[in-house]
Amino acid sequence: MSQITEDKAKEFMQLYLQNQRRIYGFISAVIPNKSDAEDLAQEVFSIIWAKFETFESGTNFSAWALAIARFRVLAFQQKNAKEQKMFSDQAIKSIHNVFLSNEQEDRDRHEALHACLAKLTAADREILKMRYNFSGTIRDMADYSKRSVHTLYKTLSRIHRLLHQCITKSLAGDKMG
């Protein structure tokens, strides 16, 4: 195997970190024993890394990695056939497809969130930025922004409600249009 370049390694880490919860979620959904699921996830990580130079940049990393995970789960179940199988091969394929379809929903929700954030006032965006980037408590944030804790909670609640309504409306529009 040829040496993976530093850029390719960075690309791998970025893609893997973006998708590791989905990959582990799939594995743990079909492998009920947590220890086995964690071991299998480590094995899948190693395989994904070893095969990454064959991954075509710009294509769907999540689908590629989940396919590897699916085949490792099937191999794991076949190897451990003496123990009772939790899911049939078809059930594993169906669960795999659910994880793939959820990926599109996540992307749609993420895009809707960004569009809805852009619709907020600059002051509301600043409060959200402060809330999610501030390392202190709400009390610390209130002191810093010279607001009462109660006012800050009410403002954050209003902003979250606006975002929720906007995202829900946006996603409903996508399904209808």
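The single residue among Ala29, Ala67, Ala37 that is assigned to a helix (DSSP H, G or I) and surrounded by fewer than 17 Cβ atoms within 10 Å (Cβ to Cβ) turns out to be Ala67. Within segment 95-114, residues that are surrounded by 14 or more Cβ atoms within 10 Å (Cβ to Cβ) have Cβ atoms under 8 Å from residues that are acidic (Asp, Glu) and part of a helix (DSSP H, G or I) in these pairs: Asp108/Asp174; Ala112/Asp174, counting only partners at least 6 apart in sequence or on another chain. Determine whether segment 74-92 contains at least one residue that is of a type in the set (D, E, K, R), modelled with pLDDT under 90 and surrounded by 16 or more Cβ atoms within 10 Å (Cβ to Cβ). No. Every test in (1) out of contact with any helix residue (DSSP H, G or I) (no Cβ under 7 Å at 6 or more places or on another chain); (2) surrounded by fewer than 16 Cβ atoms within 10 Å (Cβ to Cβ); (3) more than 29 Å from Asn80 (Cβ to Cβ) is passed by Ser57 save one, and that test is (1).
Number of residues in segment 1-16 that are surrounded by fewer than 17 Cβ atoms within 10 Å (Cβ to Cβ) and under 25 Å from Ile92 (Cβ atoms): the value is 1. Residue count for segment 131-177 satisfying the condition of being outside any helix (DSSP H, G or I) and of a type in the set (S, T, N, Q): 3.
The values are calculated or read from the model by the stated rules, or taken from the named source; none is laboratory data. If you're wondering where the values come from, they're calculated on a predicted model, not measured in any experiment. Note: ideal-geometry Cβ built from the backbone for every residue, glycine included; neighbour counts use all protein chains shown.
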